[in-house]
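The values are calculated or read from the model by the stated rules, or taken from the named source; none is laboratory data. Computed from a predicted structure; not experimentally measured. With ideal geometry, Cβ positions are generated from the backbone for all residues, glycine too; neighbour counts draw on all protein chains shown. Side chains included, ligands, DNA and RNA excluded: accessible areas come from the protein's heavy atoms. Shrake-Rupley method; radii C 1.70, N 1.55, O 1.52, S 1.80 Å.
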Amino acid sequence: MPKRPGTASAAAGRGKILVAVDFVAYVHTADPVGPHLLTSWGEGGDNTDGQVPTVLRYDNGEMSGPYVWGYRAQRFAERGERIHEWFKLGLCDDFEQRRARESQLIKQFGSKTAKQPVKGRDCEKLVRDYLVGIKQAVDEKLGAIQSAVAMERQYVISVPALWDYSEKEKTRACAERADMGEGSEITLIPESEAAGIWAIKTMPSIEEGDTFVICDAGGGTVDLTSFRVKSLSKDRRQCELVEAGAGSGGLCGSIFLNRIFEKYLEQKFRDYPSWNADYMGNALEAFETKIKPNFSGRNREPHFIRMTGHEESQRHGIGKKFLELTDEELCLNVFDIVIDKITELVRDQIRHTEGSVKEVVLAGGFGRNPYLKRKLKSLECVVHQDIKVSEFEDSATAIVKGAVTASLYGLGGATVASDGAFNFMSTRRVGVVSRKAGRHYGTWGYDDLKDHECQERIVVRDDGNKVARMHWFAKMDDDIPNGEPQYYPYEKIAKVVPGKPPHEVCFIKIQIFVCEKRNAPEYKDDPNAWKITDFSLDLRGLTIPKITHTEGKTWFYKAVFEIEMILEATSLSFCGVYGRNTPDERRCPAKKVSFK
């Protein structure tokens, strides 16, 4: 079977090329100068910007056959054809429902150039095809660099912090089908986490012990996460971050400004007979390239958009050659609609952050907008707590550079070269060592009666009257060590049945539930708690201790076991464990965790 360019065997002993996908950046692990941004997009178009639109257009108008992507696909939209946009969000089946309050804008201001959103397998195909285009552009670029041709390439893909683990795994699967690697060869990192790491590397105002909030304001989504700097080396090349607050966010990125601006102009000129599609196109281009990036809300001079061949109308702000728009009307009718959503998110994030927040750091393309920064500085909590609001010098690319940095210093372990020599294990560490549980995790089991227990809930068991109750072993906002197994003990009490094997009597079925409400329910039949996985613990062939009950007249098996949970940025796993650290240890992992 032919190997893809830059496989491990071809690159033995030569280091790696780390390729981060948000924008696209790359760095050589053996000579880590950079990261370097990709600015040539191959079949994605001949633009030389440091980013490429996430859009696709198929020749048959649907989702099969030849297609174009990036700038080439965008040109079809500019001519009025509907294309596939924002398809990445389709990997999350219920994002709008889960974040309903922060997703109202997508319902009010839909795209006029996008095809109907797709989900499931259709969405995964679109993501795969887009990543194929990205990989081809990377191969073309690095193929022209002699020293990089044969090197192994490891892809690092940033994902929205609010995505659940199932959506992150779908992203990994799409990248695998795009031939970017297999399994652990592909690294996933939350976007706000990557930005947090880049903040440590580039912003000297953040020091050890400080707590800061990352606000990643992009084109579609806005993600927020709070971090505390647990440790930081003098050269800022080693750091440990602790999540100081569960992440939040919503669909309120800068693309909505364009849509709201277009709708505002439609309303403004509905009684102006000379207004046409050409004028609208010119206005939208001027808004995107000139007005939006540097809008401050303070300009005393109006914004002028060139127009020709039209009738003058003072009432509509149309002079001889220009359409005139003031900051005041743009604030009221366009910018405040989106920015008010973002400031609300930031205020709530600060409120739910442990400790005193020193700084709010703005990332993403919209993070450098002066008006957004000014509005955040005027928030009451920011003023009263003397919180600094800052942005990256390179805010649009902070995420992709942070992703490369995190992976570069996360290459621990010995690397074996073809000559049999090896390297010392790296002691560098850059990353998050502790995470906040973003929801409650638990299971249900039988518990002793409490005072004034509802009679309808009492169940008569062999070991007495019990009530089926939820036990939330990991509560929302609990600190969970990143990647370290956490164990929660339980016991199975079952009456000895003569002639029946112990493992059959002690059959254990574990169900894991989650709840996203602050106050988790006591019982599993509450609609705010839902099951994400179940699995069985098979004790066949193991010795199970016996105990007596009811004054020694009845014998019971007592199987003490644990539920193991491992929480990481992009993965969540559960396992039933019996006899941990003993010769009888038995592990039965959950095969699939689904948040649908």
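Considering Val505, Val460, Val497, which residue is touching a helix residue (DSSP H, G or I) at 6+ places or on another chain (Cβ under 6 Å) and more than 19 Å from Lys531 (Cα to Cα)?
Val497
With the condition kept exactly as written, say whether any residue in segment 340-360 is in contact with an Asp or Glu (Cβ under 6 Å, 6 or more places away or on another chain) and not acidic (Asp, Glu).
Checked segment 340-360: at least one residue is in contact with an Asp or Glu (Cβ under 6 Å, 6 or more places away or on another chain) and not acidic (Asp, Glu).
Give the residues of segment 486-521 that are surrounded by fewer than 17 Cβ atoms within 10 Å (Cβ to Cβ) and charged (D, E, K, R), sorted by residue number.
Correct list: Glu491, Lys495, Lys500, Glu504, Lys509, Glu516, Lys517, Arg518.
If you scan segment 431-462, which residues turn out to be of a type in the set (D, E, K, R), over 38 Å from the mean Cα position of the chain (by Cα) and open to solvent by 40 Å² or more (accessible area, probe 1.4 Å)?
Once the filter is applied, which keeps residues that are of a type in the set (D, E, K, R), over 38 Å from the mean Cα position of the chain (by Cα) and open to solvent by 40 Å² or more (accessible area, probe 1.4 Å), segment 431-462 yields Asp448, Lys450, Asp451, Glu456, Arg457, Arg461, Asp462.
If you check Val222, Val229, which single one turns out to be among the aliphatic types (A, V, I, L, M) and under 18 Å from Ser434 (Cα atoms)?
Testing whether each residue is among the aliphatic types (A, V, I, L, M) and under 18 Å from Ser434 (Cα atoms) leaves just Val229.
Out of Asp386, Asp419, I need the residue that is open to solvent by 10 Å² or more (accessible area, probe 1.4 Å), part of a loop (DSSP other than H, G, I, E, B), out of contact with any His (no Cβ under 6 Å at 6 or more places or on another chain) and at pLDDT 90 or above. Which one?
Answer to the check: Asp386.
Across segment 220-247, which residue is least open to solvent (accessible area, probe 1.4 Å) among those that are free of Cβ contacts under 8 Å to residues at least 60 places away in the same chain and not in a strand (DSSP E or B)? Working first, answer last.
So in segment 220-247, the residues free of Cβ contacts under 8 Å to residues at least 60 places away in the same chain come out as 229, 231-236.
When the remaining residues are screened for being not in a strand (DSSP E or B), the result is 233-236.
On the way: Ser233: 31, Lys234: 209, Asp235: 95, Arg236: 52 Å².
The selected residue is Ser233.
Looking at segment 325-336, which of its residues are in contact with a strand residue (DSSP E or B) (Cβ under 8 Å, 6 or more places away or on another chain) and either outside the structural domain of Lys373 (by the TED database) or buried (at least 16 other Cβ atoms within 10 Å of the Cβ) (or both)?
Initial filter on segment 325-336 (in contact with a strand residue (DSSP E or B) (Cβ under 8 Å, 6 or more places away or on another chain)): 325-327, 330.
Matches in segment 325-336: Leu325, Asp327, Leu330.
Out of segment 261-310, which residues are in a helix (DSSP H, G or I) and either within 16 Å of Pro370 (Cα to Cα) or of a type in the set (Asp, Glu) (or both)?
Glu262, Glu266, Asp278, Glu285, Phe287, Glu288, Thr289, Lys290, Ile291
Gly355 is checked against (1) open to solvent by 10 Å² or more (accessible area, probe 1.4 Å); (2) at pLDDT 95 or above; (3) over 21 Å from the mean Cα position of the chain (by Cα) and fails just one. What number does that condition carry?
(2)
Can you pull out the residues in segment 249-280 that are buried (at least 22 other Cβ atoms within 10 Å of the Cβ) and not hydrophobic (A, V, I, L, M, F, W, C)?
Gly249, Gly250, Gly253, Ser254
Does Asn276 satisfy being without any contact (Cβ under 8 Å) to a residue 12 or more places away in the chain and not hydrophobic (A, V, I, L, M, F, W, C)?
yes
When the residues of segment 106-164 are filtered to those that are over 23 Å from the mean Cα position of the chain (by Cα), part of a helix (DSSP H, G or I) and at pLDDT below 80, which remaining residue is nearest to Ser594 (Cα to Cα)?
Ala148
Answer with yes or no whether Phe561 is modelled with pLDDT of 95 or more and either over 26 Å from the mean Cα position of the chain (by Cα) or not assigned by the TED database to the domain that holds Arg461 (or both).
Values: modelled with pLDDT of 95 or more: yes; either over 26 Å from the mean Cα position of the chain (by Cα) or not assigned by the TED database to the domain that holds Arg461 (or both): yes.
Yes.
Quick check on my filter: what residues within segment 59-93 are open to solvent by less than 40 Å² (accessible area, probe 1.4 Å), under 27 Å from Arg172 (Cβ atoms) and part of a helix (DSSP H, G or I)?
Selection gives Tyr71, Ala73, Phe87, Leu89, Gly90, Leu91.
Of the residues that sit in segment 194-219 and are of a type in the set (Gly, Ala, Ser) and open to solvent by 10 Å² or more (accessible area, probe 1.4 Å), which one is nearest to the chain's Cα centre (by Cα)?
Only one residue fits best here, namely Gly218.
List the pairs whose first member sits in segment 522-538 and is farther than 23 Å from Cys506 by Cα, whose second member is of a type in the set (D, E, K, R) and assigned to a loop (DSSP other than H, G, I, E, B), and whose Cβ atoms are under 7 Å apart, counting only residues at least 6 apart or on separate chains?
Cβ pairs passing all conditions: Asn528/Lys517.
Can you tell me which condition Val560 does not meet? The list is (1) in contact with an Asp or Glu (Cβ under 8 Å, 6 or more places away or on another chain); (2) assigned to a loop (DSSP other than H, G, I, E, B); (3) under 29 Å from Gly483 (Cα atoms); (4) open to solvent by 70 Å² or more (accessible area, probe 1.4 Å), and all the others hold.
(2)
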